[in-house]
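FYI, it's all coordinate maths here, none of it is from the lab. Please read these numbers as outputs of a predicted model, since none were measured by experiment. When we count neighbours, we look across all protein chains shown, and the Cβ atoms used for this are built from the backbone with ideal geometry, even at glycine.
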Amino acid sequence: MEAFLLGLQLVFNVETMLVIFAAAIFGVFVGAVPGLTATMAVALLVPITFYMDPTPAIAAIVTTSAMAIFAGDIPATYLNIPGTPSSAAYVNDSHLLAHKGRARETLGMNLICSVFGGLFGTLILVFVSPSLAEVALQFSSFEYFWLALLGLSCSIFISIGSRVKAFLSLMIGLLLSTVGLDMMSGAPRFTFGIPDLMGGVNFIPVMIGMFALNELMLFYGSRNEGRELPYLSKDSVFKQAPKHIKAYWPNMIRGSSIGTLIGALPGAGADIAAWISYAVGKGRSKQKQSYGTGHVEGIVDASSANNSGISGAWVPALVFGIPGDSITAIVIGVLYMKGMNPGPTIFMDGTGLIYALFIVFFLANLIMLPIGYAAIKSAKVFILTPRKILMPIILCFCIVGAFSINNSITDVWIMLLIGFIASILARCDFPMAPAILGLVLGTTLENSFMSSMLKSNGDLLSFFSRPISAGLGALVILLWLSPLITMAYKKFKHNSQHKAPRIS
Amino acid sequence: MRDLLLGLAFMLLGAVVLTVASQYPTMASLQYGPSLFPSLIGGGFLIGGLVLSATQLPTLKRQLSGTDANVGNIFDLRSVLVSLLPIALIIFYIFASEFLGAALCLAIIMFVLMLVRKTSLPLALLVSFVASLTIYFLFSRYLLIPLPEGLLNFWG
């Protein structure tokens with residue numbers, strides 16, 4: 001109880017409340033401008049949060065990401081351009097409804113589903129993570145090795161597109177994580193005699209390069225400004241909402257459940273949650289043929305899932321220190337920089353930080369309602385903000401932000417190099433999330449492996465000697481074998497279908 | 001074609017990582033040294049690069065035999081050059097900020113980028129001036145980041 005009261009104190013003060021409000025406005029703005037993603041917003045925010053106390057810093061990140069995911073629906077509805085990748089699954093439905101003069105009604109449902117999904121995911125986070133943390137307290141380096149490997153494997157097997165490209169992206173992240181002094185021997189690795197690299201590659205310049213500079217380069221490489229607003233609706237935001245909620249409340253619950261679950265898997269973020277929820281909703285709907293033609297049901301499915309995915313991603317991040325998506329990967333880095341170790345012990349300290357975080361999640365999702373409503377009403381302002389003015393300002397933020405972490409120009413070089421490589425890879429459809437997970441989890445993977453080897457005198461079988469460790473190991477091996485198992489199953493099914501007529 | 005080249009580049013990177021990793025010291029007390037993970041990563045690059053290149057070979061064969069209509073026009077040179085402009089401007093900042101100062105460099109960067117996307121001259125000047133000073137004072141005065149003052153310092 002005392003910790004809870006401390007948590008309330010940490011949140012309900014002028015500084016944190018102002019930060020939440022400002023972050024909500026920032027999140028709406030970034031989400032509503034096409035080409036600026038939620039991850040980019042968080043990456044740009046980190047240099048500022050670096051100078052804040054932990055609670056307002058986390059509040060800023062949580063609020064910005066939740067708001068940006070919702071606000072991404074605004075340009076998706078009006079311009080057919082998803083503001084963030086999480087809105088891509090239902091962009092056709094939203095835009096076609098806008099064509100029928102129902103843009104505000106659509107965005108109103110987006111808003112309600114986003115708030116519902118966010119609160120649903122938060123409830124799961126609040127109720128599930130403390131119990132999981134108690135289990136996690138029993139974990140040793142063996143379990144953490146398998147958990148890190150499971151997270152990295154998920155980032156390959158769950159990513160959209162080529163698995164080879166996801167694997168290579170992951171290798172880049174892992175390579176970056178090896179830079180610096182080796183934990184066991186103290187030998188410098190890939191430092192090239194640069195003193196600033198002895199402590200390892202700072203992940204914030206990498207984030208800024210990967211998610212902000214990369215987007216900037218893609219913007220300047222294209223000639224499309226995409227700023228023509230064909231029409232603006234004047235329909236009511238919430239008038240039709242009760243009717244839709246009554247018809248589609250099971251979709252809201254199912255979408256939120258899927259979103260939380262997918263979000264909790266490392267490497268799978270809000271965008272994948274939205275796609276899967278949309279596909280599942282379509283498969284179970286009585287009006288399958290209406291999906292993609294301007295149908296509210298698909299929007300309810302996916303819009304609930306993307307915001308619940310944001311909350312779900314925090315479950316493994318807080319309990320195990322294993323990020324669920326790119327945003328929580330950034331948060332884990334921020335927590336480490338502030339001297340806090342995400343993991344089960346965060347639930348045991350008496351500072352009330354964990355309660356503060358839960359309260360922040362509720363507030364971030366509740367504040368979405370009034371600010372989101374205002375954003376829908378003033379959609380024109382956000383959509384018509386010219387990117388040719390915004391992008392140069394963002395580049396300057398990138399430069400100063402990267403420099404400000406260590407007051408070192410080496411970090412600006414790192415941002416530049418990573419941004420350049422990321423833009424080449426992004427043009428060739430390489431996913432970026434595995435690289436970030438590799439960078440964040442690489443050290444955990446290597447350190448837990450080395451510690452385990454020291455404990456067991458180099459006996460590899462010791463990774464299967466503890467029950468939970470053996471279970472996690474089996475899960476990882478099963479995941480790696482899953483393509484082969486799927487292939488064998490398909491072949492078996494194909495053969496049995498061909499043989500069946502001959503038997504009859 | 002792009003994937004084929006990238007696959008080869010990853011293989012080359014893998015070979016370099018393996019070579020560098022092989023030079024790391026080994027310690028008698030440790031069964032696995034600092035070279036283990038870099039070596040695995042280098043191997044990963046080699047295998048991944050090989051698979052990526054190999055999957056592109058049928059496409060390359062079709063292109064060489066002239067049956068694939070998508071030969072040429074792999075990239076638009078102008079758009080590639082313009083996309084490199086932010087990189088060039090960051091390099092300009094790295095080398096010029098100590099002398100010119102962060103505020104002036106940021107203003108120049110914004111001004112050039114706005115002109116490239118055909119922003120009107122007065123608007124580009126106004127936004128560059130106001131935004132660069134805002135960013136400079138936010139970071140140097142509020143967050144106490146020692147951004148280079150350059151000419152601002154010279155003028156006192």
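Quick notes on this structure:
- Across the options A:L441, A:G343, A:I327, the greatest Cα extent toward the positive end of the charge dipole of the protein assembly as shown (unit charges at beta carbon of Lys, Arg, Asp, Glu) belongs to A:I327.
- Since only A:L10, A:G193, A:C113 are under comparison, the one whose Cα sits farthest along the positive direction of the charge dipole of the protein assembly as shown, derived from C-beta charges on Lys, Arg, Asp and Glu, is A:C113.
- Long-range tail of P(r) for chain A (Cα pairs > 37 Å, %): 28 percent
- Prolate/oblate/rounded call for chain B, Cα gyration tensor, a/c under 1.5 rounded: oblate
- Global form of the range A:398-453, assessed from the alpha-carbon gyration tensor, a/c cut-off 1.5: oblate
- Efficiency of FRET from Cβ geometry, B:L125 and B:L151, R₀ 25 Å, rounded to 0.05: 0.90
- Tensor-based shape of the range B:2-65 (alpha-carbon gyration tensor, a/c under 1.5 rounded, otherwise prolate or oblate): prolate
- As a calculated quantity, the FRET efficiency between A:N341 and A:N457 at R0 = 22 Å, using C-beta atoms, amounts to about 0.20.
- Cβ-placed point charges (K, R +1; D, E -1), dipole of the range A:386-504 about Cα centre in debye, nearest 20: 820 debye
- Distance between the modelled labels on A:D196 and A:I468, one decimal in nanometres: 4.0 nm (7 Å Cα→Cβ projection).
- From its DSSP helices (H runs of at least four residues, each -39,500 (n - 2.57)), the protein assembly as shown gives a residue-normalised ellipticity at 222 nm of -23500 deg cm²/dmol.
- For A:R189, distant residues with modelled amide H under 5 Å away: A:G180, A:L181, A:D182
- Computed lengthening from A:E2 to A:A22, 0.36 nm per intervening residue step minus Cα-Cα distance: 4.3 nm
- Only Lys, Arg (+1) and Asp, Glu (-1) charged, at Cβ; the protein assembly as shown dipole about Cα centre in debye: 2420 debye
- Distance in nm between pseudo-label sites at A:M487 and B:F99 (7 Å out along the Cβ direction from Cα): 5.9 nm
- In chain B, the longest principal axis of the Cα atoms and the axis of helix B:85-100 are about 50 degrees apart.
- Cross-link check: pairs A:K243/A:K286; A:K239/A:K380; A:K286/A:K490; A:K239/A:K288; A:K165/A:K388 evaluated at a Cα-Cα cut-off of 23 Å; pairs beyond the cut-off: A:K286/A:K490; A:K239/A:K288; A:K165/A:K388.
- Options A:L384, A:T37, B:I135, ranked by Cα towards positive dipole end of the protein assembly as shown, top entry (Cβ charges): A:L384
- Model label points for A:C428 and B:T19, set 7 angstrom from Cα along the Cα-to-Cβ axis, are 2.0 nm apart.
- Rg to Rh quotient for the range B:77-154, alpha carbon positions, Kirkwood Rh: 1.02
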